[in-house]
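Written out below as structure tokens is the structure these notes cover.
The values are calculated or read from the model by the stated rules, or taken from the named source; none is laboratory data. Everything numeric in this text was worked out from a predicted model, so none of it was measured. Here the Cβ is made from the backbone with ideal geometry for all residues, glycine too, and neighbour counts use every protein chain on show. What goes into the accessible areas is simple: the full protein's heavy atoms, side chains included, and nothing from ligands, DNA or RNA. Shrake-Rupley method; radii C 1.70, N 1.55, O 1.52, S 1.80 Å.
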Amino acid sequence: DGRLTFYPGNQTVDLPFINYMRRYGTVFLNAYTNSPICCPSRAAMWSGLFTHLTESWNNFKGLDPDYVTWMDLMEKYGYHTQKYGKLDYTSGHHSVSNRVEAWTRDVDFLLRQEGRPVVNLTGDRKHVRVMEADWRNTDKAVNWIKEEAINLTQPFALYLGLNLPHPYPSPYAGENFGSSTFLTSPYWLEKVTYEAIKIPKWSSLSEMHPVDYYSSYTKNCTGEFTKQEVRNIRAFYYAMCAETDAMLGEIISALRDTGLLKKTIIIFTADHGELAMEHRQFYKMSMYEGSSHVPLLVMGPGIKKQQQVPNVVSLVDIYPTMLDIARIPVPQNLSGYSLIPLLCGKAENEASPRGPRPSWVLSEFHGCNVNSSVYMLRTGKWKYIAYSDGHSVLPQLFDLTADPDELTNVAIKFPVIVRSLDKILRSVVNYPKVSSSVQEYNKRQFISWKQSLGQNYSNVIANLRWHQDWLKEPKKYENAIDKWL
């Protein structure tokens, strides 16, 4: 959650290396994901293109494996490149369940797809390495800096992808269930200031926006939660952020120890945030701030120190920024704009030959846990969220200055603003058309999957992640799918 990197969010947990980057670099106060879910978001970051252009519709469908990323171009132009850890931007990953949930989101049924969010404390006050796989990748990156990078005669680009602070799988809910366990150790929990944790306000279930209600239900969050449960989920999430911060610290320390820190640019960001029980949801897949607002901090030679940039930016800006750093010509067809003028504190009119950066950012979502395509335009104090074809589901409008927690949809109150924002949105993406092509894609994919299973279909579909609900009335749900088809 990007809001943890600046005041007042950073009062809840001690993040020493994020603070180090703020002191010696620039923090973006309004950085957004272009799609609040792993694979489509990463596809946008690695391609520099909006989701509707790459057609990265869900966690299974990202970029073609042979897509030319900014790192490929840097390698072509003489950089030594190295990747460790989670990449997840190409097509073909994630479970069958994940795919089927995304394809069937237009089906008229409500099924829980996730385990109920829970916390789990492991180890003792000395237990530092909770997420062992991430630490192994961090160690690999550190060793690479100390053994390889230091001896290179050419410049390098190193990428380290971490899984944290992603919730962990929840075996208690059955092997097919998603990741709904917030896991940490007492060591990290001590970094969290419990008194500073805000308990989010919830609308009553009957007052929720219909798409939010669907999300809350499928994420298994519509039951009763005590204040203590909610506070713990948030605290454990912050503790997982503290562990992630320590991995960033390992990289900064390795660069410092090798004398490379002064001549290396470091960028810290995320593919999406975590709602951690805001809006009666956990996870991502939402345009609310907790899910769509990402951290973005940059430090290094030429980068302005102790700078806070208020401009709205998004992950598609990473591609042109990386090329700009490497002085590689930037392709004209990109959705993003280089961040270098903002990072160096230059006036925007010195910006790219393409003209000035737009005053808005776009995020869109077409995957599971949401029963409609969603489009978000953020500009100035406004966040405008449109759904589906633009009229069958009511839009939302939030004034983030007056209502930072996004509790009051003012779309009906400000029809002129809704119209003008909708016009901008349609000039960027013909969203009714995109929504319709996603619906057709979902149906095609589902039909071919169903046909591939033959006689086995009924058994397989009943035992996906929604098995606990499905098995109560399997015929009813199969009929709902037949009706949809």
Residue satisfying all of: in the stretch 195-212; outside any loop (DSSP other than H, G, I, E, B) and open to solvent by 70 Å² or more (accessible area, probe 1.4 Å); nearest to V118 (Cα to Cα) among these: E195
Condition broken by G25, with the remaining ones in (1) over 27 Å from S372 (Cβ atoms); (2) crowded, with 19+ Cβ neighbours inside 10 Å; (3) touching a Gly at 6+ places or on another chain (Cβ under 6 Å) satisfied: (3)
Number of the condition not met by L377 [criteria: (1) open to solvent by 20 Å² or more (accessible area, probe 1.4 Å); (2) under 21 Å from the mean Cα position of the chain (by Cα)]: (1)
Residues located in the stretch 214-241, provided they are in contact with a Pro (Cβ under 8 Å, 6 or more places away or on another chain), assigned to a helix (DSSP H, G or I) and more than 12 Å from L189 (Cβ to Cβ): V230, I233
Within the stretch 380-430, considering residues that are surrounded by 15 or more Cβ atoms within 10 Å (Cβ to Cβ) and basic (K, R), the one nearest to T54 (Cα to Cα): R426
Residue satisfying condition, being in contact with a helix residue (DSSP H, G or I) (Cβ under 7 Å, 6 or more places away or on another chain), crowded, with 18+ Cβ neighbours inside 10 Å and of a type in the set (D, E), within set D108, D134, D124: D134
Count - residues of the stretch 94-114 that are part of a loop (DSSP other than H, G, I, E, B) and over 20 Å from the mean Cα position of the chain (by Cα): 8
Sole residue being of a type outside the set (D, E), under 16 Å from N34 (Cα atoms), without any contact (Cβ under 8 Å) to a residue 60 or more places away in the chain and in contact with a helix residue (DSSP H, G or I) (Cβ under 9 Å, 6 or more places away or on another chain), chosen from Y337, Y288, Y319: Y337
Failed criterion for R354 (all others in (1) open to solvent by 20 Å² or more (accessible area, probe 1.4 Å); (2) touching a Ser or Thr at 6+ places or on another chain (Cβ under 9 Å); (3) at pLDDT below 95 hold): (2)
Condition broken by Y337, with the remaining ones in (1) open to solvent by less than 30 Å² (accessible area, probe 1.4 Å); (2) under 21 Å from H52 (Cβ atoms) satisfied: (1)
Sole exception among (1) under 26 Å from A31 (Cβ atoms); (2) touching a His at 6+ places or on another chain (Cβ under 9 Å) for N442, by number: (1)
